[in-house]
Amino acid sequence: MTDRKLRIAINTGGGDAPGLNAVIYAVTMAATRRGWEVYGIPTGYAGLLDTTKMYALTPEKVANIVPLGGTILGTTNRGDPFHLPVRNAAGQIEYVDASDRLVQNFKRFGLDVLVAVGGDGSLGLAHQLSQKGIPAIGVPKTIDNDLSSTLATFGFDTAVSTATDAIDKLHSTASAHERVFVVEVMGRYAGWIALHSGAAGQADVVLLPEIPFDIEKVCERVLENERTGKRYAIVVVAEGAKPAGGELRTKPSRSIGRSEVLLGGIGDWVAEEISRRTEKETRALALGHLQRGGGPTSFDRLLALRFGAAAVRFIAEGKRNVMVALHPPEMVPVPLAEVIQRTKTVPVDSDTIHTCRDIGISFGD
């Protein structure tokens, strides 16, 4: 355990998730109670490229932020310092490596450790920066719950609750009009949100990236409802789902500097196919960024507080370049290099999958 007073910094990167402010609160409170200084880095890594934007985080600055959605530090998914978009003298966008300047600013500011709160992209950047001399502690943040080495990420429970609430509300209007509703949810290449919200919301069909589907079997499940007197259906589809032998549905991204593929549109395609093949009136609904918004559930608040406090404990214990991972009942350090190697997807033989099949939910396979 270190007795030296440290100066640490925290940033939030990538897509926002409910619980970010709870992590900021926990890191600030746990560090200041040790006599350390804490600095907030605005807008991902941008604040380390322009340190005039950095500011001290104190108990007064973070008071009452735990129940708030979003992040008081701001965030971005277009701030890769190794591939930073800048406009040249001709007005054209070119990409530069600003990582050396970032590392110099970190050291010039006298910072000891960076607490990087983010998903696979942000933690991948933290790992790269750790190799250039910035000691880092990662905190797993993503509504997609797809980070390996941790049982859960904060933000996931809130996103599932939001999606489930929407599905619950659709049952009554779908029943009244005898329609099929196709609900597209986030999750990228993992089906955790679709699976959990679909099961909890009593969907008839759940389509996951992990289980390529046959649209004919999806339609068969919809028509099965008709034969048993239920004249409507709810289909939940993950944005990364695709038919067997088919391709991912994507949208064009107009965001300069965004490296990730923008998924979306599979819900519309499924709805069109169901309508064409069954002649049932079908509507598609993409929940989109509603799943990121709003305050965190009590589960996510507590999980985020635990992640933040554990990050400070690990720093005090001398641990560096690790991510805080939930291995119930404990928080444990896992090397960042290990975390970013793979995506955590839904096991197709999991108990939740078996439960869904047992109660009549189809996966279109």
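The values are calculated or read from the model by the stated rules, or taken from the named source; none is laboratory data. None of the values given here were measured: they were computed from a predicted structure. When we count neighbours, we look across all protein chains shown, and the Cβ atoms used for this are built from the backbone with ideal geometry, even at glycine. The area values use the complete protein model at the heavy-atom level, side chains included, leaving out ligands, DNA and RNA. Shrake-Rupley method; radii C 1.70, N 1.55, O 1.52, S 1.80 Å.
Results, tabulated for the structure shown:
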quantity	calculated
Per residue value of the accessible surface for the chain (all protein chains in place, 1.4 Å probe), Å²	43 Å²
Apportionment of accessible area to carbon and sulfur, the stretch 274-357, percent (1.4 Å)	52 percent
Highest-first arrangement of 90-96, 27-33, 180-186, 52-58, where packing means the average Cβ count within 10 Å	180-186, 27-33, 52-58, 90-96
Cα-only radius of gyration and Dmax that characterise the stretch 220-365, units Å	20.9, 64
The stretch 103-152 - percent of accessible surface contributed by carbon and sulfur, probe 1.4 Å	48 percent
For the chain: relative contact order, % (alpha-carbon pairs under 8 angstrom, 6 or more apart)	22 percent
Over 27 Å between alpha carbons, listed pairs K61/K251; K53/K132; K107/K319; K280/K344	K61/K251; K280/K344
Stokes-Einstein D for the chain, Kirkwood Rh over Cα pairs, 37 °C, 0.692 mPa s (µm²/s)	152 µm²/s
Packing rank of 160-170, 324-334, 215-225, where each peptide gets the mean count of other beta carbons within 10 Å, highest leading	160-170, 215-225, 324-334
The chain - share of DSSP beta bridges that are antiparallel (%, nearest 5)	30 percent
Accessible-area composition of the stretch 1-88, carbon plus sulfur, in percent [1.4 Å probe]	49 percent
